[in-house]
Amino acid sequence: MSLASYIGCNIEIPCNDDEYSDDFFYIGSCFAGEDEMINVKKYQFTTPYVYEVSSHWGIEITEYMTQKTCVESKKKLIELCEIMDSSLEKGDFFELYSCWVGEETEKREGEITLQINNFDIDQIEIPEKTLVRFEK
């Protein structure tokens, strides 16, 4: 199984549609298929546009992960926030949700709200099945 991360937003953003990349981080298809994208939009997000955040593994930040994976997830999250900060207008937001592929319809285990460019990456935890709302 694979941990997939998805973002939901109110605007269209550029992505690498259907083009697998070796880049450290990109927005485009990786693990999820059409059914997973439909389900995560229906069951988790409040936004009209949904994208998979692909990077060979999803974004998850918890004390239970290996140090290497946690550091990689933090780097991915910082890069994602930089991309979204330059794409969103003041007052807008985006949502992030990570889960194992096939679990997009399952109940959320948590929700948190953060400011897109005002949080301490070393003080947050983002476990799987947690909806994170990043506000600008």
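The values are calculated or read from the model by the stated rules, or taken from the named source; none is laboratory data. Note that this is a predicted model, so its numbers are computed, not measured. In this analysis, Cβ positions are derived from the backbone assuming ideal geometry, glycine residues included, and neighbour counts consider all displayed protein chains.
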Q.
I need the full set of residues from segment 1-16 which are assigned to a strand (DSSP E or B) and out of contact with any Lys or Arg (no Cβ under 9 Å at 6 or more places or on another chain), in order please.
A. Leu3, Ala4, Ile7, Cys9, Asn16
Q) Which condition number does Glu95 fail, the rest of (1) assigned to a strand (DSSP E or B); (2) more than 19 Å from Asp120 (Cα to Cα) being met? A) (2)
Q | Matching residues, segment 21-73, being exposed (fewer than 13 other Cβ atoms within 10 Å of the Cβ), part of a loop (DSSP other than H, G, I, E, B) and at pLDDT 90 or above | A | Thr46, Pro48
**Q.** Hits in segment 106-121 (condition: touching a Lys or Arg at 6+ places or on another chain (Cβ under 8 Å) and not in a strand (DSSP E or B))
**A.** Glu106, Lys107, Arg108, Glu109, Ile116, Asn117, Ile121
Q. Is at least one residue of segment 100-108 of a type in the set (Lys, Arg) and more than 22 Å from Ser54 (Cβ to Cβ)?
A. yes
Q) Of the conditions (1) outside any loop (DSSP other than H, G, I, E, B); (2) of a type in the set (D, E, K, R); (3) over 13 Å from the mean Cα position of the chain (by Cα), Glu79 fails just one. Which one is it? A) (3)
